[in-house]
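Below: one structure, written as structure tokens.
The values are calculated or read from the model by the stated rules, or taken from the named source; none is laboratory data. These numbers were taken from a predicted model, which means no experiment stands behind them. Heads up, the Cβs are rebuilt from the backbone with ideal geometry, glycines too, and the neighbour counts pull from every protein chain shown. These accessible areas exclude ligands, DNA and RNA; they are computed on the full protein's heavy atoms, side chains included. Shrake-Rupley method; radii C 1.70, N 1.55, O 1.52, S 1.80 Å.
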Amino acid sequence: MCLVARDHERLRAAVDAIGPAAWPVSCDLADPASVAALADAVGSRWSALDGLVNNAGIAPMAAVDDTTTEVWNETFDVNVRGPFLLCRELGPLLHGGRLPSVVNVSSTLAERAIPGMAAYNASKAALNQLTRSLALEWAPVVRVNAVMPAVVDTPIHALRGMTPEQVHEMDGMHPLGRIGQPEDVASLIVFLLSDASSWMTGTVIPVDGGVMAG
């Protein structure tokens, strides 16, 4: 298992939690040269890949009028170009895998936009279309799907300056009465990577506590 991140300390912590099966590689997904180096490193270690999960993302909070060109570009570089580059560079290894599967982590905001997050909303919508395009182009060898979480309890909220109490004020936005936990999303990703979903490709699946039903 290869774990990829640009934050070396958090990457090392994740490897320590998983154990010796995890192999860490530092990479800035917004940098094409860094992604190319990653692909070379992975290719030198494995001759084929069975799965790829694109989970990196940033979520700047700004209305269209307040979104700078730099913020817009960075959001698309990480949220869209990063998955594109990884898929393009690792595609040859995926095509050699056993029932290979790609899972992109999108957001319900791709289809149900909210004000104040224009770049994020648009980038996740683009990721959904990249998912569908790859699914068509890589069938029948590689399956490509995406998951769309609603609000999930992750450190990203603290980075925005929100307290745990403020985060859980969003519980009531979800018909099931709570925000998601990382395990809620991870279990669906595991399913999409597994043979149990072998007749699924090009799907974009909400895992959202019922948000998209309203």
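Things to note:
- Taking each residue of the range 103-120 that is free of Cβ contacts under 8 Å to residues at least 24 places away in the same chain and open to solvent by 30 Å² or more (accessible area, probe 1.4 Å) and looking for partners that are of a type outside the set (Phe, Trp, Tyr) and assigned to a loop (DSSP other than H, G, I, E, B) with beta-carbon atoms closer than 6 Å, six or more apart or interchain, yields nothing.
- Residues of the range 174-185 satisfying the condition of being within 16 Å of residue 108 (Cβ to Cβ) and open to solvent by 100 Å² or more (accessible area, probe 1.4 Å): 176, 178
- Scanning the range 17-54 for residues that are of a type outside the set (A, V, I, L, M), open to solvent by 30 Å² or more (accessible area, probe 1.4 Å) and over 21 Å from residue 189 (Cβ atoms) yields 20, 26, 28, 31, 32, 40, 43, 44, 45, 47.
- Test: residue in the range 16-23 that is within 28 Å of residue 194 (Cβ to Cβ) and in a strand (DSSP E or B): yes
- Scanning the range 140-173 for residues that are closer than 13 Å to residue 101 by Cα and open to solvent by 50 Å² or more (accessible area, probe 1.4 Å) gives 140, 141.
- Helices (runs of 4 or more DSSP H) contained entirely in the range 98-214, each with at least 3 residues that are over 20 Å from the mean Cα position of the chain (by Cα): 164-168
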